[in-house]
Each structure stands twice: as C-alpha cells, then as structure tokens.
Amino acid sequence: MDVLIVGAGPTGLALGIDLARRGVAALVVEKADALFPGSRGKGIQPRTMEVFDDLGVRDAIRAAGGTYPVGMIWQDGERVGEHQMFEPAEATEDSPYNEPWMVPQWRTQEILAARLAELGGEVAFGREVTGLTQDEDGVSVHFADGPDLRARYVVAADGGRSAIRRALGIAMTGETVDPNPVLVADVRLTGLDREYWHVFPPREDGDGYLAICPLAGTEDFQVVAQFPEGTAVDVSLEGVRKVVADRSHLTPDAVTELRWSSDFRPRQALAGRFRAGRVFLAGDAAHIHSPAGGQGLNTSVQDAYNLGWKLGAVLTGSAPESLLDTYEEERRPIAAQMLGLTTSVHRGETRRGDATRQLGLGYRGSSLTEETGEVPGPLRAGDRAPDGMLEGVRLFDAFRGPHWTLVAVGVEAPQGLPESVRVVSGTEQPSYGTGLFLVRPDGYVGWVGETPGALMTYVRRMGV
C-alpha cells in the first residue's frame with residue numbers, strides 16, 4: 001500500500017479522508033477495538049470547520065453539535081453571575097465560521113469514519129503496533145497480533161504515548177502545565193439545565209473547581225473537576241458522584257449514568273522531529289496540549305490537512321520527494337506556537353478569542369511560499385486564502401477538492417495552466433487586492449504576483 005496511518009483518532013481519520021479522495025491506497029489501523037468513546041476534544045475551531053468544509057463533513061459536523069453555552073457561576077447553591085467563555089466574533093464574508101462549534105470527540109470521529117468509508121477507505125481495529133523497520137523503499141510495521149504490513153510511508157497518529165514515536169527514538173520536550181490532576185467524565189444527570197455551562201469555583205476549604213457542561217447534540221454532560229497535586233483520582237461512577245455532590249448543590253444520585261471517564265495532568269510537549277525517513281508524526285504523537293483553549297484536536301487535524309496533499313503529490317509522481325520535507329518545516333513551528341497559546345490560556349493569561357480561532361495562522365516563511373508582486377497587498381503569500389465572492393462564485397466552493405486554484409483579480413489569468421488548476425477570475429475582491437493568487441490544496445496562498453511567466457515557473461517547481 002502507499003500509506004499506513006496508525007491511529008483512528010481525528011488526525012488519522014482526517015488524513016485517511018484526504019488521501020482517499022486523491023486516490024491514494026491507504027489504510028488506517030487502530031490498537032483499540034472501536035473508536036474512542038469520550039468527549040475529550042469537543043471544540044471545533046473556525047479554521048478546522050473550513051477544513052471540514054473541504055473534506056465534505058461540514059454539514060454533518062454542524063448538525064451534530066451546537067454553540068458553546070454561556071458560563072453560569074454558582075456559589076452555595078445560588079446563581080451569582082454569568083461568564084462569557086469566548087470573546088464574541090461576527091461571521092464575515094471572508095471568514096464565514098466565527099465561533100468554536102461544540103461536538104463531542106466521539107461524535108466527530110464517527111462522522112469522519114463514515115466519510116472515510118464513503119470514499120472507500122477502511123479502519124482495521126485491534127492492530128497494536130509493536131515496532132517497525134524501514135529501508136529506502138518502504139516501511140514494515142509489526143503488530144502484537146496479525147501479520148506485518150508494509151507501506152511506502154507511515155504516519156504516526158497514535159496519540160501522546162505513540163508507539164511509533166517511541167520505536168523511532170524521537171524525544172518529546174515540554175513541561176507540566178499544571179501539577180493538579182483533572183477528572184473528565186461524560187455523564188447523564190438531573191438537576192441542571194442545558195442552557196449554561198455550570199461552573200462551581202473552589203470553596204475556601206475546597207479541593208478545586210467543578211465544571212459541568214452540556215454536550216451539544218447529546219443528552220450528556222461533561223464533568224471536569226480539578227484535584228490537589230498528588231491526589232489519586234477516582235474515575236468510577238461513585239467517584240464522580242462524590243465530587244459532584246461535594247462541590248455543588250446536587251445530590252450524588254443526580255448523576256444517573258457514567259458513560260466515559262478519565263484523568264490527566266495538563267502538560268505540553270513537542271517532538272524533536274516530525275519526520276524520520278519514511279515515517280511522519282502527526283497530532284498528539286507530535287505535540288501534546290493542555291485542553292484549555294481547544295487547540296489540540298484542531299492543530300492535529302490541520303497537521304493531516306498539510307501532509308495529505310503533499311503525500312498525494314509525491315505518490316502520484318507529480319512532485320519531488322523533497323516536498324515532504326516541508327511538512328515538518330511548516331507544521332512544527334505552528335505546533336510550538338499553539339503549545340504556547342494553550343499554556344497561556346490554561347494559566348489565565350490569554351482569553352479565548354482571535355488567536356484560538358486559528359484563522360490567522362500561515363506559512364509566510366515557508367520554502368513553498370513565493371511572492372513576486374512589487375507592492376504587497378492585503379493578502380500575502382503564505383496566508384490563509386479567505387472566502388468571499390468573485391463574479392458570482394463563492395471562493396470556498398471553488399477551493400473545495402484536492403486541486404490547486406488560481407484566483408485572478410483585476411488581471412487576466414494566463415493560458416496554458418495544467419488542467420488540475422481551477423481558475424476563478426473577476427475584477428474586484430477586497431480581501432485579495434489585485435493580482436494572481438495561486439491557492440494550495442490546503443487553502444493557503446502559495447504564490448502571489450502579476451507575471452504569468454513567474455507563475456508558470458512556480459507551477460513547474462511545485463509539480464502541480
């Protein structure tokens with residue numbers, strides 16, 4: 001096969017979808033016997049919603065979730081005030097998704113898995129990786145049960161305890177963001193409305209905070225509770241009932257069902273490399289975030305989105321193998337930036353707002369970025385390509401799919417472009433300015449200029 005993807009979380013499934021629509025022979029393998037059952041990564045940021053639009057799952061994601069509720073602060077059984085969890089933002093023509101969208105992680109994965117199956121992709125469960133060997137032609141992956149599998153490339157999307165990363169000997173560096181352990185659980189309960197995200201601050205003699213959030217699109221609530229350093233967290237039904245009763249006005253039997261639970265210590269870490277030969281690290285295998293700010297799942301999906309088109313171009317022979325070097329070049333600095341952001345949000349130093357929406361991220365310093373215009377306009381090479389209308393065509397509709405797109409504003413599009421480049425042209429687009437803008441398959445502007453000859457040189461260099 002062309003690509004073996006280890007891990008059926010959001011990262012692996014999104015990559016599987018992207019490769020499947022490019023006709024790449026790929027298989028997703030997963031150690032567990034089923035998809036992850038919990039709500040852990042429940043926030044879909046606006047940039048990730050744009051990615052999901054392109055991958056064909058936006059409508060299902062929108063239908064499965066909802067907006068984040070306003071926080072309601074409780075004290076001694078009384079409501080004492082509301083708290084805005086996110087800085088408000090209005091949708092605009094160039095940024096149609098303005099707010100994080102809440103979907104429990106288990107539901108996001110179900111939607112991605114269904115889309116992968118629709119495209120002919122497959123997930124093989126019960127395949128635990130024990131090691132790998134690679135040579136100049138490919139990678140052989142070994143499993144605890146079942147035959148080895150061989151692929152031209154392997155992508156480790158197998159989480160923070162990645163077996164692939166350990167087998168490669170790639171170190172993670174980072175820090176404990178907060179030494180206090182945290183319980184997270186999906187429950188059914190009575191006694192609280194679903195209109196608010198209920199927050200119970202620590203009492204003066206208490207152990208830590210409690211937050212109970214209704215999970216959009218479900219009947220469940222997510223319980224999050226912090227404990228003092230060194231506490232052995234009880235993740236059983238009785239343990240969850242006890243912490244809810246101790247820290248709120250609810251009685252233990254208000255928690256009627258425990259659907260999933262876990263505990264963790266918030267930390268951040270970054271892999272020293274995102275590539276070793278024919279093996280790539282993506283998602284939590286490459287970077288581990290505090291859940292504050294909702295950046296982990298989103299950064300991970302965008303790893304897959306960056307890597308997918310590059311693997312597709314190399315495997316079809318249209319681009320040189322060196323294109324794959326740009327995955328680490330582009331994604332590792334972004335991951336480091338997002339790790340700093342999540343740590344800052346966790347510590348209360350940064351509000352959840354423009355930075356956490358991820359619309360301002362880009363690749364201006366990438367070796368794939370080229371700007372030849374004499375006077376830079378509002379949109380630079382390396383920036384995210386905005387949405388908008390151009391002569392009656394919605395740009396996100398034009399971008400949707402595995403192709404490149406040339407946006408020509410106020411100048412004539414050149415003749416002789418490859419058939420794989422879709423052309424959209426018009427006289428005025430305020431978010432773009434004037435010129436030619438070649439948009440990569442992952443929705444970032446690769447080249448900006450006005451000279452057809454320079455554009456064609458870039459097209460040939462990229463193997464479009």
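Using a 7 Å offset from Cα along Cα-Cβ at Arg161, what residues in region 31-68 end up with backbone N under 19 Å from the label point? Only 31-41 fall inside the zone, counting backbone N under 19 Å. For the pair region 1-58 / region 400-455, the C-alpha centres are spaced 28 Å from each other. Per residue, the chain exposes an accessible area of 41 Å² to a 1.4 Å probe, with every protein chain left in place. Label positions at Ala171 and Glu412, each projected 7 Å from the Cα along the C-beta direction, are separated by 5.9 nm.
Subtracting the Cα-Cα distance of Arg394 and Thr427 from their residue separation scaled by 0.36 nm leaves 10.4 nm. Note on region 131-278: Rg/Rh from C-alpha atoms, Kirkwood Rh, equals 1.14.
For region 360-462, the Cβ-based charge dipole about the Cα centre amounts to some 340 debye (Lys, Arg positive; Asp, Glu negative; other atoms uncharged). Normalised by residue count, region 1-52 yields a Cα convex hull volume of 81 Å³ per residue.
Remark: region 309-323, residue by residue, has Karplus-estimated 3J(HN,Hα) of 5, 6, 4, x, 5, 6, 5, 8, x, 8, 10, x, 4, 5, 4 Hz, where x stands for each Gly or Pro and the curve is 6.51 cos²θ - 1.76 cosθ + 1.60 at θ = phi - 60°.
Placing pseudo-labels 7 Å out from each Cα toward the beta carbon at Glu219 and Ala144 gives an inter-label distance of 3.4 nm.
Across region 289-336, the volume of the C-alpha convex hull divided among the residues equals 55 Å³ per residue. For the chain, the carbon plus sulfur part of the accessible surface works out to 47%, probe radius 1.4 Å. Put a dot 7 Å past the Cα of Thr130, heading toward its Cβ, do the same for Ala245, and the two dots end up 4.6 nm apart. In this structure the amide hydrogen of Leu406, modeled in the peptide plane, comes within under 5 Å of the amide hydrogens of Arg422, Val423, Val424, Val439, none closer than 5 places in sequence on its chain. Taken over region 133-196, the percentage of Cα pairs per 5 Å bin, counting from 0 up to the bin with the maximum distance, is 3, 10, 14, 16, 12, 8, 9, 10, 8, 6, 3, 1, 0. Against the chain, whose longest principal axis is taken from its Cα atoms, helix 10-21 shows a tilt of about 30°. In a fully extended conformation the segment linking Ala89 and Leu119 would gain 7.3 nm over its present Cα-Cα distance, using 0.36 nm per residue. For region 359-432, trypsin sites (Lys or Arg not before Pro) meeting the loop criterion (DSSP other than H, G, I, E, B) and having at most 12 other Cβ atoms within 10 Å: Arg364.
Measuring nothing but how far apart in sequence close Cα pairs (under 8 Å, 6+ apart) lie, relative to its length, region 52-130 scores a relative contact order of 30 percent. Averaging 1/r over each pair of different alpha-carbon atoms in region 236-349 and inverting the result gives 16.8 Å, the Kirkwood hydrodynamic radius. Remark: region 429-435, residue by residue, has Karplus-estimated 3J(HN,Hα) of 8, x, 6, 9, x, 10, x Hz, where x stands for each Gly or Pro and the curve is 6.51 cos²θ - 1.76 cosθ + 1.60 at θ = phi - 60°.
Rounded to two decimals, what is the ratio between the C-alpha radius of gyration of region 412-464 and 2.2 N^0.38 Å? Kindly include the intermediate steps, with their values, before the conclusion.
Working: Rg = 10.8 Å, N = 53, 2.2 N^0.38 = 9.9 Å.
Relative to the rule-of-thumb radius for its length, region 412-464 sits at 1.09.
Considering only alpha-carbon pairs that sit under 8 angstrom and 6 or more positions apart, the relative contact order computed for the chain is 16 percent.
The values are calculated or read from the model by the stated rules, or taken from the named source; none is laboratory data. Since we're looking at a predicted model, the values are computed, not measured. When we count neighbours, we look across all protein chains shown, and the Cβ atoms used for this are built from the backbone with ideal geometry, even at glycine. The area values use the complete protein model at the heavy-atom level, side chains included, leaving out ligands, DNA and RNA. Shrake-Rupley method; radii C 1.70, N 1.55, O 1.52, S 1.80 Å.
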